[in-house]
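Read the figures in this text as sums done on the coordinates, not as results from a lab. The model shown is predicted, which means the values in this text are computed figures rather than measured ones. Cβ placement follows ideal geometry from the backbone for every residue including glycine, while neighbour counts extend to all protein chains displayed.
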Amino acid sequence: MKTKTVILLSSLLIYLNINCKGQEYDSSYLKLPEYQVDSCLSELLATVAQSNKQYYSDKYFYSLTFKEGKKTRYMSITPGMWSEARYVDYGGILKINNITFLFRGDFQQDSIFKRTNLPQIEVKLRKEKGDSDKGAFFIEPSLQGVYYECKGMPIYMEVYTKGKIPNFEMKVHPSPK
């Protein structure tokens, strides 16, 4: 009888260990202030969202990372899943036609991002434990280059989505020989 009990308990523990998603994820609830972006950037973000609707359902959001360097600003946009977020250190949110952009990095210091007086929005993210950069180096950007439409320093931009971004094109300049 003891052997059967031990075997049943061991089997149950193995089953729970394999099928319990709670061990693979940490959930975070974030209350984020809502932002607007300057008109120099709003058309680009709306186009990114619109051109990729067929690929990303409401299970996805766009992660926008913004950094400010000495001579250039840097912006990266990648899709993320609410249930398997690569990052949870977001500080702002933007909604464009029911599409969500979550902001992280130095965006609060730049005048192209304007905080609204609207109530904060609560979002739930589940951060996947383990290698957060899996597959990150195997994706070609759908848009990449320097963006000069906004006042101030130019923005070096990389957008990683499945769909092409119409009305914006990547210009690749040949390297000098």
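Of note:
- With a threshold of 18 Å on the Cα-Cα distance, the over-threshold entries among Lys67/Lys127; Lys114/Lys164; Lys31/Lys127; Lys59/Lys164; Lys59/Lys124 are Lys67/Lys127; Lys114/Lys164; Lys59/Lys164.
- Gain on full extension, evaluated as 0.36 nm per residue between Glu43 and Lys95 minus their Cα-Cα distance, stands at 17.4 nm.
- Annotation: amide H-H contacts under 5 Å for Glu84 (H modelled 1.01 Å from N, sequence separation of 5 or more, or interchain): Arg126.
- Summarising the label geometry, the points placed 7 Å from Cα in the beta-carbon direction at Tyr60 and Leu118 lie 2.2 nm from one another.
- Projected label distance in nm at Lys70 and Lys164, using a 7 Å step from Cα toward the beta-carbon: 3.9 nm
- R0 of 30 Å, Cβ-Cβ distance Glu140-Lys31: FRET efficiency to nearest 0.05: 0.30
- Between the amide H of Ile121 and those of Leu32, Glu34, distances stay under 5 Å, these residues lying 5 or more places away or on another chain, with hydrogens modeled in the peptide plane.
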